[in-house]
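For reference, the structure discussed in these notes is given below.
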Amino acid sequence: MPVLSVIVPFHDVEKYIGPCLDSIAAQTFGEEVEVICVDDGSADGSAEVVASRRAADPRITLLRQDNHGVGHARNVGVRHARGDYLAFVDGDDTVPPDAFKRMVSTLEDTGSDLACGNVMRLHHNLLIPSWAHREAFAKPLRRTHITRHPLLIRDRMLWNKVYRRSFWDRLGLSFPERMYEDQPVAMAAHVGAKSVDVLARVVYHWRQRDEPASSITQRRLEPGNLRDRLLSVLQTADLVAAEAPHLKADFDRDTLDIDMGVAVEAMAGFAAGGTAGGTAGGTAGGTAGGTADQDLLDLAVRYLDGVSPEAWQSIPFEHRLLVHLLHRRRLDELAAVFAQAREGHLWPKVGSAGMLRKRWYGRHPSLPGHLSEISGELGLQARLVSLDWRDGVLRGAGRVAVGRFDVGGLRRVRVRIWLEERDTGDVMLLSDEESAPTWESVEDEDGGRLPEHAFPFRFALDPGAMSRARLARHGLWDLCVQLKGQGLRLEGRVAGPRWLPPPIPLPRRRSGVWLVPVRTSRGAWGLRVRTASMTVSDCRVDGGDLLLSGVMSDAGDGEPVLRLRRRNDGEEMYFPVELDGQDFRARVPLAGIDERVGQESWWEVLIDHGRAQRPLVRTRPRPRVTVAGRSFQIDRGEDGCLLLVER
């Protein structure tokens, strides 16, 4: 008899089901596993892939059914399972080699009913931490429970778990035969368990697919999809309210953020008479015109009727406004405000109240006062609009906003700009002046223009103000900003989208060291003080090749090579370097670089001649180039080194 039954429902995942089953077959748990694959009416070659795996592995069973949905398929799999433990894997995902062994072992040790573990998103061959699981699984916990570890309220997925079969049967768990069937089951298991084991180790790779309409999530705006989502939300909300009422506010925070965000987008599209996101059927007029749409609205309102004021206040002002309009069935306004927000034109005014303990509010005519507080939401968004050396001085200008709010009511405040050394906390003040907010049209990452209400500022750094001691420390200095006035005091770093202007200025030499303006991968500005035994003086693309040349102070005796090291995963590639005395040249064929992983691949450029060094780049930033259909940006990193970025 098997110890563990792994149930794999699948439908039209021919491209992925093979790697999925291979990952299960490679489990270190060994032969004590049975794999029950349930074909939910696939129209592609998925079943044939499973059949071929079954021929080579007797642990695999293939069951077939008409297309009744994943809930029905899972119920069929459970009925055929013989193991002492149950696990579920979706046919387009994969499982790390030791996942099941770790979860079953902890259940054997502790006697808990349920073991669950951390999750990574799998996208373009890159594994990225799942935001929904990161906090809940930050550290291992044994014999805990959702009531003692409330972050598990986010763990609503089925597949990162192993369940004791006797526990499953005792609760009488089964899947609703609709989409989003896993949420109420996963939450019922968490609430109904005597104890739960939490593993910080990753036990599941959750694939993010790129094909249009390839998953339930990507079809989220379709009316049938939204209906099933809302039914699962209501079922889970009723369960939590009845069995763990003190967790209801935590459940509502996540549900308002995620599920009601989808409901807002879909219902705004229906009300506008369009196709929300291009997938949902539209209705004309300002109300949910069809019976189906009215039913959807009723489901959303029924859930929102039970949301506590505490949970309402936990979501950002803009989203709170949209969900409130949905709750009040004001769909004309919802469509208009949603379009305004999506286009970047929703800028509520900021106001305050109170003397000893000042509270801040966003003002919008459609949102009542008791839902308008934004005291915990205000935060700086500071960016540069120019930065360059002029007359030997590094001069910059920028703007600092207080979130996406109209700050005209604040009138004049003081904006303070300084550099702060990361290791020592040493501070160099660059400017401290009054500023009044102005409107400006600014570029976004997609090349469009958006309005912005913000306080302008300017500053200047004279290298002569840096003492010999400061220069000798070779430190990293962060560019910081403070906004103070009218009872408001906010601080943060000056940052902005990496791909927007201004370009990073060239490094300047002073007293034997380089002053290098830098920008992190997240767009935060600063200044690096460093030496450089190797510099790149020319860098360009010619005929699809990246050509670079420069000077090294010590050529050494070995044969130098150029190393590309991908930050995403540590992958490396090597290319020859030609030496002529202390001068070096290298050529990198861009079309031959390994394929991109994730949305962006960041390659560090190093020269290795006995030890790897990051050469300092002394050339102006280069525009993006396209080679063999691939888009590259030649950039500079956090210490002035050369970066090659593929987007």
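The values are calculated or read from the model by the stated rules, or taken from the named source; none is laboratory data. Keep in mind it's a predicted model, so treat the numbers as computed, not measured. Here the Cβ positions follow ideal geometry from the backbone for every residue, glycine too, while neighbour counts run over all protein chains shown. SASA here: full protein model, heavy atoms, side chains in, ligands and nucleic acids out. Shrake-Rupley method; radii C 1.70, N 1.55, O 1.52, S 1.80 Å.
List the GluC sites (Glu not before Pro) within region 292-351 that DSSP assigns to loop and that have no more than 14 neighbouring Cβ atoms inside 10 Å.
Passing both the DSSP loop test and the Cβ count: Glu343.
Quick one: putting +1 on the C-beta of Lys and Arg, -1 on the C-beta of Asp and Glu, what dipole do you get for the chain around its Cα centre, in Debye to the nearest 20?
Its charge dipole is roughly 2400 debye.
Decide, for region 64-137, between rounded, prolate and oblate: order the square roots of the alpha carbon gyration tensor eigenvalues as a ≥ b ≥ c, take rounded if a/c falls under 1.5, and otherwise choose prolate if a/b is larger than b/c, else oblate.
oblate
Rg to Rh ratio, region 106-175, alpha-carbon atoms and Kirkwood radius?
Taking Rh as the inverse mean 1/r over Cα pairs, Rg/Rh reads 1.00.
Going by a ≥ b ≥ c, the root eigenvalues of the Cα gyration tensor, does region 110-229 fall in the rounded group (a/c under 1.5), the prolate group (a/b larger than b/c) or the oblate group?
oblate
List the aspartates and glutamates whose Cα sits under 15 Å from the Cα of Lys349, skipping any in the same chain fewer than 8 residues away.
Glu318, Glu373, Glu377, Asp406, Glu452
Can you give me the angle between helix 70-80 and the longest principal axis of the chain, using Cα atoms only, in degrees from 0 to 90, rounded to the nearest 10?
Taking Cα atoms only, the helix is inclined about 60 degrees.
Please work out how much accessible surface Val70 shows to a 1.4 Å probe, ignoring ligands, DNA and RNA, in Å² rounded to 10.
40 Å²
To the nearest 10 degrees, how steeply does helix 317-327 sit against the main Cα axis of the chain, on a 0 to 90 scale?
30 degrees
How large is ³J(HN,Hα), in whole Hz, for each residue of region 360-377 in order, when computed from phi with the Karplus curve 6.51 cos²θ - 1.76 cosθ + 1.60 and θ = phi - 60°, using x for Gly and Pro?
Going residue by residue, I get 10, 9, x, 10, 9, x, 8, 10, x, x, 5, 10, 9, 5, 10, 3, x, 9 Hz, with x marking Gly and Pro.
Would you work out which of Val561, Met534, His609 lies farthest towards the positive end of the dipole of region 513-647, given +1 charges on the beta-carbon of Lys and Arg and -1 on that of Asp and Glu, about the Cα centre?
Met534
Determine the gain in length on full extension of the stretch Ser366-His80; use 0.36 nm per residue of separation and subtract their C-alpha separation, reporting nm with one decimal.
Going from the current span to full extension adds 97.5 nm.
Once mean projected area of the Cα convex hull in nm² is worked out from the coordinates, which option in (1) 33.8; (2) 27.8; (3) 46.5 does it equal?
Calculated mean projected area of the Cα convex hull in nm²: the matching label is (1).
Step through the residues of region 247-252 one at a time and calculate ³J(HN,Hα) from phi using the Karplus curve (6.51 cos²θ - 1.76 cosθ + 1.60, θ = phi - 60°), rounding each to whole Hz and writing x for Gly and Pro.
Listing the rounded values in order: 9, 4, 5, 5, 4, 5 Hz.
For Val38, what residues show an amide H to amide H distance below 5 Å, using hydrogens built from the backbone and excluding near sequence neighbours?
Val8, Phe10, Leu63
What is the angle, in °, between the Cα long axis of helix 291-304 and the longest principal axis of the Cα atoms in the chain? Nearest 10 is fine, range 0 to 90.
Relative to the chain, helix 291-304 is tipped by roughly 70 degrees.
Taking amide H positions as placed in the peptide plane 1.01 Å from N, state which residues far from Arg201 in sequence (5 or more) or on other chains have amide H under 5 Å from it.
The list, which skips near neighbours in sequence, is Asn118.
Distance cut-off 27 Å, Cα to Cα: go down the list Lys139/Lys358; Lys161/Lys248; Lys101/Lys248 and report the pairs above it.
Lys139/Lys358; Lys101/Lys248
Quick check: the distance between the Cα centres of region 376-442 and region 454-468, to the nearest angstrom?
Region 376-442 and region 454-468 have Cα centres spaced 12 Å from each other.
Going through region 371-459, which GluC sites (Glu not before Pro) have at most 15 other Cβ atoms within 10 Å and a DSSP loop state?
The qualifying sites are Glu445.
Among the trypsin sites (Lys or Arg not before Pro) in region 361-412, which ones are in a DSSP loop with at most 13 other Cβ atoms within 10 Å of the Cβ? Mind listing them?
For trypsin sites (Lys or Arg not before Pro) across region 361-412 that sit outside H, G, I, E and B with at most 13 neighbouring Cβ atoms in 10 Å, the list reads Arg411, Arg412.
What ³J(HN,Hα) values, in whole Hz, does the Karplus curve 6.51 cos²θ - 1.76 cosθ + 1.60 give for region 168-175 when θ = phi - 60°, with x put for Gly and Pro?
4, 5, 4, 7, x, 6, 7, 9
Kindly identify region 375-427 as rounded, prolate or oblate by the Cα gyration tensor criterion: order the square roots of the eigenvalues as a ≥ b ≥ c, call it rounded if a/c is under 1.5, otherwise compare a/b with b/c, prolate if a/b is larger, else oblate.
Oblate shape, in that a/c is at least 1.5 and b/c is the bigger or equal ratio.
Which far-off residues, 5 or more places away or on another chain, put their amide H under 5 Å from the one on Val442, with H placed in the peptide plane?
Placed amide hydrogens put Leu450, Glu452 under 5 Å from Val442.
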